[in-house]
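Right, one structure below, let's go through it.
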Amino acid sequence: MPGNSQRKGAIRKKPRGNPTAGSGGRVRRGLEGKGPTPKAVDRVKHPAHKRAKAQERAKERERSRRPARKDTDSSVEWVYGRNPVVEALRAGVPVAALHVAEGTERDARLREALLIAVEHGISVLEVPRTELDRVTSNGAHQGVAVQIPPYEYAHPDDLLTRAYDAGEVPLVVALDGVTDPRNLGAITRSAAAFGAHGVLVPERRTASMSASAWKTSAGAAARIPVARATNLNRALKSYKDAGLMVVGLDMGGEVELPELDAATEPLVLVVGSEGKGLARLVRENCDIIVSIPMTSATESLNAGIATGVALYEISRRRAS
């Protein structure tokens with residue numbers, strides 16, 4: 001139409017003059033990626049993050065409600081009472097410290113305990129009576145207690161090394177199901193007396209080298225190593241691979257002890273509990289089962305005495 005300068009559909013040209021300012025790269029940067037998307041639990045406004053925080057707060061409340069843990073090591077043993085303390089010190093039980101309550105009357109037993117502690121360089125600590133009440137769980141400590149550190153067990157291989165270093169035929173005593181620490185102490189004492197190179201105990205369901213075992217050993221536990229095996233049967237198989245014969249000691253043995261020709265060979269003497277004897281798998285791992293001849297079938301020997309008799313016979317045979 002005349003007078004109309006623009007037609008429908010025509011391209012409109014930019015007017016000449018100053019150019020229009022550009023975006024400065026803002027559009028391009030907006031199109032670029034922003035990296036990997038954070039995990040849901042890391043995004044503050046995400047429900048997963050809120051749930052995780054709520055769980056952390058609940059755990060913190062639960063910890064605050066729990067009673068405070070005692071600062072004493074569960075593996076540390078306490079012997080308390082004047083007679084038990086004096087007996088432990090006389091027997092040479094390794095003592096970390098002698099604790100005496102403030103204001104305790106010094107009688108002959110306490111004076112002896114103090115004298116032994118001074119002679120052997122054992123620390124003597126004077127503590128509040130409430131402290132002894134706490135560490136002994138309110139036991140009858142009579143104002144005195146000693147702290148026994150955890151026993152340092154040897155490795156089963158150390159017992160063989162001890163024999164080889166001495167140029168001797170290996171002799172090891174292994175215990176299966178012996179749970180009385182006094183039997184363990186007595187066996188350790190017999191092992192030291194008759195030339196064994198160590199005692200082997202399993203890690204579970206057995207007596208440990210407690211203060212009671214130390215006292216019964218009469219100091220032998222300081223002269224002969226006690227090793228601990230995670231699995232007794234694996235340890236016995238390892239000894240067999242090293243050339244040792246595994247001899248089980250049991251009432252129902254097919255060979256009597258005086259007839260044991262293998263007494264002079266490298267061997268492991270396995271002793272079971274008085275009530276149950278050797279466990280089935282341990283018995284199957286034994287090369288031979290021996291018994292101690294007795295005049296009466298109704299009599300039985302406890303593990304400590306039976307081991308002493310067997311070790312004496314083995315020692316006699318080796319010396320002849």
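The values are calculated or read from the model by the stated rules, or taken from the named source; none is laboratory data. Computed from a predicted model, the values in this text were never measured in an experiment. Backbone-built Cβ (ideal geometry, glycine too); neighbour counts: all protein chains shown. Side chains are part of the model used for accessible areas, which takes the heavy atoms of the whole protein and leaves out ligands, DNA and RNA. Shrake-Rupley method; radii C 1.70, N 1.55, O 1.52, S 1.80 Å.
Evaluation of ARG204 against the conditions (1) in contact (Cβ under 8 Å) with a residue 12 or more places away in the chain; (2) out of contact with any Phe, Trp or Tyr (no Cβ under 7 Å at 6 or more places or on another chain) shows that the sole unmet condition is (1). When restricted to residues that are in contact with a strand residue (DSSP E or B) (Cβ under 6 Å, 6 or more places away or on another chain) and β-branched (Val, Ile, Thr), segment 154-186 contains 3. When only residues in segment 165-180 that are within 17 Å of ALA306 (Cβ to Cβ) and in contact with a helix residue (DSSP H, G or I) (Cβ under 8 Å, 6 or more places away or on another chain) count, which is surrounded by the fewest Cβ atoms within 10 Å (Cβ to Cβ)? For segment 165-180, the residue satisfying everything is ASP180. Within segment 247-300, restricting attention to residues that are of a type in the set (Ser, Thr, Tyr) and in contact (Cβ under 8 Å) with a residue 24 or more places away in the chain, the residue that is surrounded by the most Cβ atoms within 10 Å (Cβ to Cβ) is SER273. Just to be sure, is GLU313 within 27 Å of ALA213 (Cα to Cα) and not polar (S, T, N, Q)? Against the criterion (within 27 Å of ALA213 (Cα to Cα) and not polar (S, T, N, Q)), GLU313 qualifies. Applying the condition of being modelled with pLDDT of 90 or more and hydroxyl-bearing (Ser, Thr, Tyr) to segment 185-206 and asking which residue is surrounded by the most Cβ atoms within 10 Å (Cβ to Cβ) yields THR188.
Scanning segment 98-116 for residues that are open to solvent by 10 Å² or more (accessible area, probe 1.4 Å) and among the aliphatic types (A, V, I, L, M) yields VAL100, ALA108, LEU114, LEU115, ILE116. Scanning segment 222-240 for residues that are within 20 Å of LEU311 (Cα to Cα), in contact (Cβ under 8 Å) with a residue 40 or more places away in the chain and out of contact with any Asp or Glu (no Cβ under 7 Å at 6 or more places or on another chain) turns up ALA222, VAL226, LEU236, TYR239, LYS240. Using the structure shown, decide if GLY243 is in contact with a Pro (Cβ under 9 Å, 6 or more places away or on another chain) and without any contact (Cβ under 8 Å) to a residue 24 or more places away in the chain. Judged against the criteria, GLY243 is a match. Within segment 253-267, restricting attention to residues that are in a loop (DSSP other than H, G, I, E, B) and of a type outside the set (D, E, K, R), which residue is farthest from the chain's Cα centre (by Cα)? Ranking the qualifying residues of segment 253-267, first place goes to LEU260.
Here is a yes/no grid of residues against (1) closer than 22 Å to ALA235 by Cα; (2) of a type in the set (A, V, I, L, M); (3) in a helix (DSSP H, G or I):
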site	(1), (2), (3)
LEU269	yes, yes, no
GLY272	yes, no, no
GLY275	no, no, no
ARG283	yes, no, yes
VAL290	yes, yes, no
THR295	no, no, no
ILE305	no, yes, yes
GLY308	no, no, yes
ARG317	no, no, yes
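Annotation: of all residues in segment 207-234 being of a type in the set (Ser, Thr, Tyr), part of a loop (DSSP other than H, G, I, E, B) and open to solvent by 30 Å² or more (accessible area, probe 1.4 Å), the one that is farthest from ILE148 (Cα to Cα) is THR230. Would you confirm, using the coordinates I've provided, whether ARG189 is within 28 Å of GLU87 (Cβ to Cβ), among the basic types (Lys, Arg) and over 21 Å from the mean Cα position of the chain (by Cα)? Judged against the criteria, ARG189 is a match. Please go through segment 235-249 and pick out each residue that is under 13 Å from ASP287 (Cβ atoms) and part of a loop (DSSP other than H, G, I, E, B). Across segment 235-249, the qualifying residues are GLY243, LEU244.
Rundown of residues vs (1) part of a helix (DSSP H, G or I); (2) surrounded by 15 or more Cβ atoms within 10 Å (Cβ to Cβ), yes/no style:
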{"residue": "VAL118", "(1), (2)": "yes, no"}
{"residue": "GLY121", "(1), (2)": "no, no"}
{"residue": "GLU126", "(1), (2)": "no, no"}
{"residue": "ALA145", "(1), (2)": "no, yes"}
{"residue": "ALA163", "(1), (2)": "yes, yes"}
{"residue": "ASN183", "(1), (2)": "yes, yes"}
